[in-house]
1. Putting +1 on Lys and Arg Cβ atoms and -1 on Asp and Glu Cβ atoms, find which of A:Pro114, A:Thr4, A:Ile74 reaches farthest to the positive end of the dipole of chain A.
2. At 7 Å along the Cα-to-beta-carbon direction for both A:Gln42 and B:Leu26, put a label point, then send me their distance in nm to one decimal.
3. Would you kindly enumerate the cysteines in the protein assembly as shown that have no other Cys beta-carbon under 4.7 Å from their beta-carbon?
4. Per residue of B:109-115, what is the mean number of Cβ atoms on other protein chains within 10 angstrom of that residue's Cβ?
5. Let me confirm one metric for peptide A:72-80, namely the mean number of other chain beta-carbon atoms within 10 Å of its residues' beta-carbons.
6. What's the average, rounded to a whole number, of partner chain beta-carbon atoms within 10 Å of each residue's beta-carbon in A:43-51?
7. What's the whole-number percent of alpha carbon pairs in chain A lying beyond 18 angstrom?
8. List the pairs from A:Lys69/B:Lys41; B:Lys20/B:Lys55; A:Lys3/B:Lys66; B:Lys20/B:Lys66; A:Lys109/B:Lys14 whose alpha-carbon separation is above 23 Å, in the order I gave them.
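Nothing in this text is a laboratory measurement; each read-out follows from the coordinates by a stated rule. No experiment lies behind these values; they were computed from the predicted model shown. Cβ sites come from the backbone with ideal geometry, for glycine too, and all protein chains shown count toward neighbours.
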Amino acid sequence: DAKTTQPNSMESNEEEPVHLPCNHSTISGTDYIHWYRQLPSQGPEYVIHGLTSNVNNRMASLAIAEDRKSSTLILHRATLRDAAVYYCILRDRWYGGSQGNLIFGKGTKLSVKP
Amino acid sequence: GAVVSQHPSWVICKSGTSVKIECRSLDFQATTMFWYRQFPKQSLMLMATSNEGSKATYEQGVEKDKFLINHASLTLSTLTVTSAHPEDSSFYICSASISRRGGGTEAFFGQGTRLTVV
């Protein structure tokens with residue numbers, strides 16, 4: 001799997017937008033960009049994923065650069081419950097079954113200040 | 001959405017005893033489940049891939065005789081830490097993936113099990 005690079009940590013104020021960057025310069029044409037987050041003492045949870053176009057869901061938005069070498073996870077209004085480690089992970093679209101595991105980097109630890 | 005349930009959430013055991021952790025897919029069938037381990041302030045590391053009806057596949061450096069995996073049904077995988085030692089104290093997490101239409105997979109994770117060996 002192609003490697004991703006994320007800042008170790010970021011801080012945000014409550015109710016302000018947060019932009020979490022991820023660089024993936026070696027991404028292949030069939031790699032999906034996935035974001036997961038892990039709240040303290042919990043298992044990771046899915047946030048969003050995309051291939052080429054920007055994506056929106058109830059949790060966040062994903063902005064993907066035109067060359068796909070970077071992406072940004074956008075939390076529109078951070079809350080205290082958004083404090084977590086956010087992981088940007090690339091997965092080939094054909095991976096599944098016994099190859100469906102995720103390879104986690106160190107992620108970005110997001111702190112949200114009230 | 002799909003749910004993966006893990007039990008227990010935490011367990012404390014004495015050194016030398018064995019501990020079993022269960023991972024269930026509640027509303028979907030999972031022929032493959034994954035077991036991760038996470039030490040404090042570190043990321044998740046894949047330990048093994050659990051395959052329904054066949055032997056598990058272990059990552060390099062993970063002792064298969066110490067971490068016994070059983071995947072007897074399409075909704076249940078168990079991880080047994082045998083002869084546990086304090087260095088086995090960690091956060092153990094299971095997951096299962098679902099393939100999405102149009103490509104890509106989505107992974108669902110259990111709540112994790114905090115194992116403390118004293």
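1. It is A:Thr4.
2. Result: 1.3 nm between the two label points.
3. B:Cys13
4. Numbers: counts 8, 3, 3, 5, 1, 1, 0.
Partner Cβ neighbours, averaged per residue: 3.
5. 0
6. 5
7. Here the tail beyond 18 Å accounts for 47 percent of pairs.
8. Going by Cα-Cα distance, A:Lys69/B:Lys41; A:Lys3/B:Lys66; A:Lys109/B:Lys14 fall outside the 23 Å limit.
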